[in-house]
1. Between their Cα atoms, which of 146/199; 114/157; 207/270; 404/431; 404/460; 140/192 are more than 19 Å away from each other?
2. Residue by residue through the stretch 130-139, what is 3J(HN,Hα) from phi via Karplus (6.51 cos²θ - 1.76 cosθ + 1.60, θ = phi - 60°)? Round to whole Hz and write x for glycine and proline.
3. For the charge dipole of the stretch 202-339, defined by +1 on Lys and Arg C-beta atoms and -1 on Asp and Glu C-beta atoms about the Cα centroid, which residue among 296, 265, 230 has the Cα displaced farthest towards the positive pole?
4. How large is the translational diffusion coefficient of the stretch 69-226 in µm² per second when you combine the Kirkwood radius over alpha carbon pairs with Stokes-Einstein at 25 °C and 0.890 mPa s?
5. Counting only protein heavy atoms and a 1.4 Å probe, tell me what percentage of the stretch 96-250's accessible area is made up of carbon and sulfur.
6. How high is the relative contact order of the chain, in percent, with contacts defined as C-alpha pairs under 8 Å that are six or more residues apart?
7. Per-residue ellipticity at 222 nm for the chain, helices alone: DSSP H runs ≥ 4 residues times -39500 (n - 2.57), over residue total, nearest 500 deg cm²/dmol?
8. Along the charge dipole of the chain, which of 35, 393, 83 sits closest to the positive end, that is, farthest toward it, with unit charges on the beta carbon of Lys, Arg, Asp and Glu (+1, +1, -1, -1)?
Amino acid sequence: MGLKEEVARRRTFAIISHPDAGKTTITEKILYEGGIIREAGEVKGKKGTKAATSDWMTMEQERGVSITSSVLQFDYEGLRVNLLDTPGHKDFGEDTYRTLMAADSAAMLIDAAKGVEARTRQLFEACHRRKMPIFTFANKMDREGKDPFELIDDVEKTLGMDCYPVTWPMGIGDRFQGLYHRDQKVFYKYTKGSDVAEKIDLPDGWKDPLLKTFAHPDFYESFCNAMDLLDGALPPFDLVRFLRGELSPLTFGSAKNNWGVDLFLEIFAKYSPGPQARTSQGEMVEAQTSNFSGFVFKIQANMDRKHRDRVAFLRVVSGKFERGMKVSHSRLAKEIRLAYANQFLAQDRETVDEAYAGDIVGINDTGNFRIGDTVYTGKRVEFDSIPRFSPELFGRLKIKDALKRQTLQKAVSQLVEEGTVQLFFDPLVGKQDAILGVVGQLQFDVLLFRLNDEYKLDVKLENLAYQLARWPVDKSGKPFLGDLKGPSQLRVFRDVFEHPVVLLEREWDLGFLKEKNPDVEFLISI
Ligand code: G4P
């Protein structure tokens, strides 16, 4: 296969969801459908065992499934699919958001009983700012939950994204019978204990009299009313609006029972976009370009002293990656050899010889890389930097030994540059007593570990009451440098780029700020 064909069949996506919506479960079923694992349904109880590692690593340990962190690759209907891991539990952090920047589409998984939950909304917003196409899977239909219209309403009101139901459920909970596929005119009937659907063709669609012969009488009428309503009110699927992230194909199912996961994959295969172009200094770099380019979106340092390796995760944006290739490093303005690439394939850490636009490669890093770095061949490329995302936990570092304060400041600024944590300072005071912010606790744990291990500093973290950071910008999107009207205690800090940022203790304060400053927008990422 040539470069064009290889690139064209790449699909790279991530799952966004709130903890416990079923991401681990659906991932397992996707792997099963993708032929990576041979048995699904051997899920062991795992209550209370979610450690501060990647969900997938937990899954690997507990389910005897050999998968690796960060990215899973499998072939599906001629496509080569990369599924990126978005750590969601204790290991939720800025990396979770950054990973989304390496994806071309996202699958939003919602618990049908709970609807759109907080974490889903945050992750959605990060995708939405990039106008990323989003699929929706309403999970846990085997349990009592919201009415499908209520769910749609929730998505539309909470997220401002329209839904296009491709399938529609008949019943819910114990009385869930299956899914009607509106495009195919097929009813997929599920039975407890089996993941093989009985496929019932309905040549006349939902109006076909055959449906009534097996449909649950409690639901048949409301089902028909729903279909009638959708047929009348719903315009045909608009691919352009989907690709802009405005319209989401919606399907239902139960990951635990492996009901509807195959249908989700079919919808994914039909609509998901191939590798998207990225901007480099105002110019688009297309995936099909023959020159190689890519950017680093995540760096994972091994905290095990015996294995001090660091892996830089690189999203290939254009062309072809080859092991051992010489590339230019934009920031360092020097040539380096990408000699030790590992790709995290399902079976094992396999050494990868080739990868194409859309793929992710893991590169053993000896300190050359920072988050957002670009590598390329041919004409110079420097991709736009990866945004920073609103931290949720804030703290200040305290060091006992006053003589080591300077070392601490230096160490922190290095770690901030690497993207380990974010730093905010009061412009009147300067950087010496800065506030640090992280998206998830694991980032603080890593920071303290590294200060201790690499810099031999004995530091403590004092937690602060702030809960959110917002970057004020004016209507044209430029940092807002004027005076903000707000609560008297409001202080405006600066981030490392000297952009103004407000740190707030409550969501309520944000509402107040927005109300008092109607001409200012408060961004969750910059
Ligand atoms: P997460 O990665 O998004 O946090 O979710 P995870 O897959 O771990 O699933 C969270 C819980 O929801 C698990 O239950 C899982 O079995 C359950 N679950 C996932 N999909 C479905 C579904 O379609 N229907 C139902 N009824 N439950 C589902 P648990 O009690 O934490 O563990 P377990 O003992 O069931 O494994």
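The values are calculated or read from the model by the stated rules, or taken from the named source; none is laboratory data. This one's a predicted model, so the numbers in the text were calculated from it and none came from an experiment. Cβ coordinates were reconstructed from backbone atoms using ideal geometry, including for glycine residues, and neighbour counts include every protein chain displayed. In case anyone asks, the SASA skips ligands and DNA or RNA and just uses the protein heavy atoms, side chains included. Shrake-Rupley method; radii C 1.70, N 1.55, O 1.52, S 1.80 Å.
1. 146/199; 207/270
2. Values, residue by residue: 9, 6, 7, x, 10, 9, 10, 10, 8, 9 Hz.
3. The Cα lying farthest towards the positive end belongs to 296.
4. Rounded, D is 139 µm²/s.
5. C and S fraction of accessible area: 49 percent.
6. Worked out over the chain, it gives 13 percent.
7. Calculated from helices alone, the mean residue ellipticity at 222 nm is -7500 deg cm²/dmol.
8. Farthest along the dipole direction, towards plus: 393.
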